[in-house]
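Notes to accompany the following structure.
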Amino acid sequence: MPSPDPARSVRSDARRNRDKLVAVARAAFAAADGTVALEAVAREAGVGIGTLYRHFPTREALVEAVYAAELDDVTAGAPALLEQLPPEEALRAWMDRYAAFVATKRGMGDALRASVASGRIATPATRQRITAAIGAILDAGVASGTLRPADPEDVTLLLLGTFLSTSGDEDAERTGRMLDLIAAGLHAGREVGYAAPPPQAK
């Protein structure tokens, strides 16, 4: 029986540590109101701060890894949702996933802006991947007769406008209502559940 390869074992442990650090950082950035301490990320991941810095020498490097993982998940989510739900429901569920991606970006703060400014994160490429995901859902909906034809880039801009306008709004229900309105506008033939806010007291 061949003996285990020590080098392979080390690489496997290193990969698990890296994946755990990215997973913990994703959750921390999404929930953060301010700067996330890297020491807290390492502690929650069950590794020392030295291990974190071996994988991610700077805060920007960790942010870039989290951003890449989040973007992969949100774009891969479109075909996955289409396998589980009708297109009109997949669209609305995907919007919520995209909203979570945007929330995580906000938690990355200055480090993310520095990575974008340096060109290490290419925002045009991100926009293209997001728009392609939306386009795949719209195409499926048009084919099934449940969604009306629309330019995916227009929908991307509508979503970005929604997230921008509610970036300082603590009422998550407002964001949800706005996404319901967009989904209702894209639906062919029937209203998608839009819950209007209660009337204001006079």
> Which one of the conditions (1) buried (at least 18 other Cβ atoms within 10 Å of the Cβ); (2) acidic (Asp, Glu); (3) modelled with pLDDT under 70 does residue 180 fail to meet, given that it meets all the rest?
Replying inline: (3)
>> Among (1) of a type in the set (A, V, I, L, M, F, W, C); (2) out of contact with any Phe, Trp or Tyr (no Cβ under 6 Å at 6 or more places or on another chain); (3) surrounded by 19 or more Cβ atoms within 10 Å (Cβ to Cβ), there is one condition residue 80 misses while meeting the rest; what is its number?
In response: (3)
>> Given the condition touching a residue at least 24 places away in the same chain (Cβ under 8 Å) and not aliphatic (A, V, I, L, M), answer yes or no: does some residue in segment 19-28 qualify?
In response: yes
>> Of the residues 96, 72, only one is surrounded by fewer than 16 Cβ atoms within 10 Å (Cβ to Cβ) and under 18 Å from residue 152 (Cα atoms); which?
In response: 96
> Which residues, counting only those in segment 42-69, are outside any helix (DSSP H, G or I) and either of a type in the set (Ser, Thr, Tyr) or crowded, with 18+ Cβ neighbours inside 10 Å (or both)?
Replying inline: 47, 56, 58
>> Residues to consider are 72, 96; find the one that is touching a residue at least 40 places away in the same chain (Cβ under 8 Å) and closer than 30 Å to residue 141 by Cα.
In response: 96
>> Which of the numbered conditions does residue 89 fail, given that it passes all the others? Conditions: (1) surrounded by 15 or more Cβ atoms within 10 Å (Cβ to Cβ); (2) modelled with pLDDT under 85.
In response: (2)
> Which of the following residues is surrounded by fewer than 18 Cβ atoms within 10 Å (Cβ to Cβ) and modelled with pLDDT of 90 or more: 148, 106, 120?
Replying inline: 148
> Can you tell which of 139, 169 is assigned by TED's automatic domain parsing to the domain that holds residue 77, modelled with pLDDT of 95 or more, over 18 Å from the mean Cα position of the chain (by Cα) and among the charged types (D, E, K, R)?
Replying inline: 139
> Exactly one of (1) among the aliphatic types (A, V, I, L, M); (2) farther than 16 Å from residue 19 by Cα; (3) modelled with pLDDT under 95 is unmet by residue 68. Its number?
Replying inline: (2)
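The values are calculated or read from the model by the stated rules, or taken from the named source; none is laboratory data. Nothing here was measured: the structure is a model prediction, and the numbers come from that model. All Cβ positions, glycine included, derive from the backbone under ideal geometry; neighbour counts span all protein chains shown.
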